[in-house]
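This report refers to the structure that appears directly beneath it.
The values are calculated or read from the model by the stated rules, or taken from the named source; none is laboratory data. On a predicted model such as this, the values are computed, not experimentally measured, just so you know. Ideal geometry is used to build each Cβ from the backbone, glycine not excepted, and the neighbour counts take in all protein chains shown.
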């Protein structure tokens with residue numbers, strides 16, 4: 001028995017190609033698609049000197065433009081203030097996407113805070129054409145944040161850029177057919 005693989009229409013070439021987690025016509029984690037329908041672009045944010053020490057929003061990545069979305073895949077955090085702990089949030093506009101608590105304490109102290117790292121296997125997604133921001137909830141904490149992610153076209157834009165027909169192929173690239181030798185094709189309205 002052979003395994004079937006999903007193929008999608010590459011609008012740039014007009015050919016059916018294997019779909020991948022970050023390939024043609026698929027929103028995915030940080031890799032680059034080869035299609036004109038995909039505009040994946042990696043980004044990273046490095047902590048500012050002195051960290052975040054007030055409650056103002058800090059822009060991790062700017063709004064990406066019409067039809068595009070920012071995704072957050074990884075974040076590393078530490079609060080280096082010896083006495084002030086804080087909640088910490090990552091936001092899309094005013095919507096909180098992620099919240100955690102960072103205790104007080106310098107890493108060099110035996111009882112100090114340790115850096116924490118989060119990997120989002122399903123990336124956090126900002127709204128279309130919206131910046132990703134971060135903020136401490138308590139003034140006087142010293143939060144250092146490093147963040148990584150990617151920008152890609154939104155699902156709405158991707159749906160408009162690719163065909164609404166799905167063909168099913170075997171691992172050898174043979175089209176699957178029913179018992180009457182009719183090619184298995186699924187169209188969606």
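Is it the case that the stretch 64-77 has a residue that's closer than 21 Å to residue 127 by Cα, at pLDDT 95 or above and in a loop (DSSP other than H, G, I, E, B)? Checking the stretch 64-77: at least one residue is closer than 21 Å to residue 127 by Cα, at pLDDT 95 or above and in a loop (DSSP other than H, G, I, E, B). Could you tell me whether the stretch 131-138 includes any residue that is over 15 Å from the mean Cα position of the chain (by Cα) and farther than 19 Å from residue 55 by Cα? No, the stretch 131-138 has no match at all. Do the conditions hold for residue 16, that is, is it farther than 30 Å from residue 142 by Cβ, outside any loop (DSSP other than H, G, I, E, B) and modelled with pLDDT of 60 or more? Criteria met by residue 16.
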